[in-house]
Amino acid sequence: MKNGGDVEYIDVLSDADKLDTMLKYSNGRRKVPVIVDKGEVIIGFKGKA
């Protein structure tokens, strides 16, 4: 992360539970990346969904 914070990469294709979690954050959209930072959800590169 550019601000020096920790980042956790999750492969949602290999973990169905994590895929469900991602879909909840993205309102059912299958667009990556889904980034959750301090409660803010950013979908897609540069926040462009």
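Residue pairs whose Cβ atoms lie under 8 Å apart, separated by 6 or more positions or on different chains, with the first residue in region 14-29 and more than 21 Å from PHE45 (Cβ to Cβ) and the second in a helix (DSSP H, G or I), do not occur. Scan region 15-30 for residues that are among the hydroxyl-bearing types (Ser, Thr, Tyr) and touching a strand residue (DSSP E or B) at 6+ places or on another chain (Cβ under 8 Å) and jot them down. Residues satisfying the conditions are TYR25, SER26. Can you tell me which residue is surrounded by the fewest Cβ atoms within 10 Å (Cβ to Cβ) among those in region 17-49 that are at negative phi and modelled with pLDDT under 85? Per the criteria, the residue is LYS48.
The values are calculated or read from the model by the stated rules, or taken from the named source; none is laboratory data. Just so we're clear, the structure is a prediction, and the values are computed from it rather than from any experiment. For neighbour counting, all protein chains shown are included, and Cβ atoms are generated from backbone atoms with ideal geometry for every residue, glycine included.
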